[in-house]
1. Residues in segment 16-38 that are open to solvent by 90 Å² or more (accessible area, probe 1.4 Å) and at pLDDT below 70: how many?
2. Which of the residues spanning segment 105-130 are closer than 20 Å to residue 175 by Cα, of a type outside the set (Asp, Glu) and open to solvent by 30 Å² or more (accessible area, probe 1.4 Å)?
3. Consider residue 66 carefully, then state whether it is touching a Pro at 6+ places or on another chain (Cβ under 8 Å), of a type in the set (S, T, N, Q) and either crowded, with 21+ Cβ neighbours inside 10 Å or in contact (Cβ under 8 Å) with a residue 40 or more places away in the chain (or both).
4. Pick out the one residue from 164, 140 that is closer than 15 Å to residue 71 by Cα and in contact with a strand residue (DSSP E or B) (Cβ under 8 Å, 6 or more places away or on another chain).
5. Kindly provide the set of residues from segment 87-104 that are open to solvent by less than 30 Å² (accessible area, probe 1.4 Å) and either part of a strand (DSSP E or B) or farther than 27 Å from residue 218 by Cα (or both), ordered by number.
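The values are calculated or read from the model by the stated rules, or taken from the named source; none is laboratory data. What you are looking at is a predicted structure, and each value in this text was computed from that prediction instead of being measured. So basically every Cβ, Gly included, is an ideal-geometry build from the backbone, and we count neighbours across all protein chains shown. Protein only, heavy atoms only, side chains kept; ligands, DNA and RNA dropped before computing areas. Shrake-Rupley method; radii C 1.70, N 1.55, O 1.52, S 1.80 Å.
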Amino acid sequence: MNALDYPQRCPAARRGFTLAELILALATTAMVATAVAAMSVALSNAGQSSRDQQLCMQEARVAMRQLEDVTRKAKLITACDSRRVALWMSDANNDGQINMTEMGVIEWNSASGEVRLYRIVYPASWGQWLQTYMDYTVDLFYFVGINNATANVTSSYYAQSTLLASNVSSFKVSPSPAPPASNLLSIEMTLGSGAETTTLRTAVQIRGDKTASVYSYGGLYYLAAP
């Protein structure tokens with residue numbers, strides 16, 4: 001059998017890609033690559049958004065736990081509005097009366113997005129005698145009325161603040177019943193902004209063991225002598 005007996009191959013089968021075919025292949029490849037890149041970016045953004053949301057949730061839970069710890073131990077809620085609450089936090093010297101360093105005010109600053117606890121702390125360098133002398137007893141009626149309570153604590157030269165929560169876009173506190181007879185404090189707090197926001201709500205049963213000592217005389221509140 002000689003070469004003439006083999007079927008002749010079509011010349012077209014041996015030629016390369018035409019320019020149009022090459023351009024079409026490149027365009028298709030570019031479209032696929034663009035779609036893959038867009039999908040990767042979308043997945044990455046979704047993953048980052050999910051991580052941001054989880055971080056915001058974690059921060060909100062830690063902040064709420066701190067608020068619960070501070071308020072739960074309070075002996076009295078003396079005053080409150082939607083963004084501030086004044087607390088008789090402890091009876092450190094067991095005299096049954098309110099001393100300046102025993103008061104605390106929790107306040108949300110909408111401009112800074114911070115919730116802070118304000119207390120009066122005298123310098124340790126004073127020594128015990130001077131600290132005790134300056135830590136005078138104050139009648140309850142000075143702290144009934146949130147503006148007066150806030151001014152008494154936060155305007156002191158020795159006022160110090162502790163950060164309880166940051167990045168707070170909304171904050172609301174509501175006592176029940178009304179101060180100073182309150183034994184329950186509802187707290188609602190929103191952290192974050194835009195899509196990454198977390199809102200938590202809780203109701204704290206405060207110790208409130210001094211509510212029974214409160215009495216009213218002449219329209220003013222006092223604590224009964226122990």
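1. 1
2. Selection gives 108, 109, 116, 118.
3. Here the answer is no, as residue 66 does not meet what is asked.
4. Only one candidate passes the filter, namely 164.
5. 87, 88, 99, 103, 104
Conditions tested, residue by residue: (1) over 27 Å from residue 177 (Cβ atoms); (2) more than 24 Å from the chain's Cα centre (by Cα); (3) among the small types (Gly, Ala, Ser).
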residue	(1), (2), (3)
74	no, no, yes
92	no, yes, yes
95	no, yes, no
100	no, yes, no
